[in-house]
1. So which residues in segment A:42-76 are farther than 14 Å from A:Leu100 by Cβ, within 7 Å of chain B (Cβ to nearest Cβ) and not in a helix (DSSP H, G or I), if there are any at all?
2. Can you tell me which residue among B:Val96, B:Val52 is over 22 Å from A:Ser39 (Cβ atoms), surrounded by 14 or more Cβ atoms within 10 Å (Cβ to Cβ) and at pLDDT below 90?
3. For segment A:16-41, give me the residue count where each residue is assigned to a helix (DSSP H, G or I) and acidic (Asp, Glu).
4. Looking for whichever is out of contact with any helix residue (DSSP H, G or I) (no Cβ under 8 Å at 6 or more places or on another chain), surrounded by 12 or more Cβ atoms within 10 Å (Cβ to Cβ) and either modelled with pLDDT of 85 or more or under 24 Å from A:Ile46 (Cβ atoms) (or both) here; the options are B:Arg33, B:Arg25, B:Arg89, B:Arg43. Which one fits?
5. Suppose we keep only residues that are more than 21 Å from B:Glu29 (Cα to Cα) and not aliphatic (A, V, I, L, M) within segment A:55-70. Which one would you say is surrounded by the most Cβ atoms within 10 Å (Cβ to Cβ)?
6. Filter segment A:82-101 down to the residues that are assigned to a loop (DSSP other than H, G, I, E, B) and in contact with a Gly (Cβ under 9 Å, 6 or more places away or on another chain), then identify the one that is nearest to A:Val52 (Cα to Cα).
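The values are calculated or read from the model by the stated rules, or taken from the named source; none is laboratory data. Just so it is clear, the structure is predicted and the values come from calculations on it, not from any experiment. A quick note on method: Cβ atoms are made from the backbone with ideal geometry, for glycine too, and the neighbour counts reach across all protein chains shown.
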2 protein chains.
Amino acid sequence: MSSAATAPAVAPACAPAPVGPPLPRVDAEQFARLFKALSDPTRLQILSIIEVAPSGEACVCDLTEAFDMTQPAISHHLKILVEAGVLNRNKRGSWVWYSLNPGQLEPVKHLLPKRRLLPIVS
Amino acid sequence: MSSAATAPAVAPACAPAPVGPPLPRVDAEQFARLFKALSDPTRLQILSIIEVAPSGEACVCDLTEAFDMTQPAISHHLKILVEAGVLNRNKRGSWVWYSLNPGQLEPVKHLLPKRRLLPIVS
């Protein structure tokens, strides 16, 4: 008779394998803040519009046209993206233009490949 | 006298420039879910450990050794990463091993360049 039938039901203890130290906490917190800013579908849609804007930037009124949302709601999303370093903010006269911060966003852009295949509305 | 002094204080209306359609909402929601899973510093630290694990995978007990957290807390973070498609889950015997899902995570890995410069603890 096999001894397997009498084997203990309790799982054997796992022997932890050596692993490297994690990413430093301060860096992990910085990246987590960036990802939190990107964890909203409207904010990703805003970024996708600015990414292919002919001038490389967009005004809040350009963006409000594209969404069924109020201008204050769009401005709130823009503020979060600026604070996360994803967007640059450039005030000229009475209006503010927003452009991508390539250094911050470059790695993430690869997540949005389909966007570049869409035609620009003229 | 300059006419600028009598110019109206009200900002002129912004003429919206044509912009392309945003990333489709269904795609934006999918990416937002991914970023939400990555928006926690402990989860990013877990990924950074698995990324350079000698075998390319880690068990929950390996990870619990690296954090001042309980095993259920680590398991909760692992569950979120699996559900987001960032980690693969492989049960062998009584234990479960986790490895990166390269297709899902490749673009994001570039955000963690410093991690690769750290020595692996042996």
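1. A:Cys59
2. B:Val52
3. Residues meeting the conditions: 2.
4. Numbers: B:Arg25 fails: out of contact with any helix residue (DSSP H, G or I) (no Cβ under 8 Å at 6 or more places or on another chain); B:Arg89 fails: out of contact with any helix residue (DSSP H, G or I) (no Cβ under 8 Å at 6 or more places or on another chain); B:Arg43 fails: out of contact with any helix residue (DSSP H, G or I) (no Cβ under 8 Å at 6 or more places or on another chain).
It is B:Arg33.
5. Looking at residues that are more than 21 Å from B:Glu29 (Cα to Cα) and not aliphatic (A, V, I, L, M), I get A:Asp62.
6. Applying the first criterion (assigned to a loop (DSSP other than H, G, I, E, B)) to segment A:82-101 yields A:84-86, A:93-94, A:101.
Right, trim to in contact with a Gly (Cβ under 9 Å, 6 or more places away or on another chain) and you get A:85, A:101.
On the way: A:Gly85: 19, A:Asn101: 13 Å.
Restricting to residues being assigned to a loop (DSSP other than H, G, I, E, B) and in contact with a Gly (Cβ under 9 Å, 6 or more places away or on another chain), the top hit is A:Asn101.
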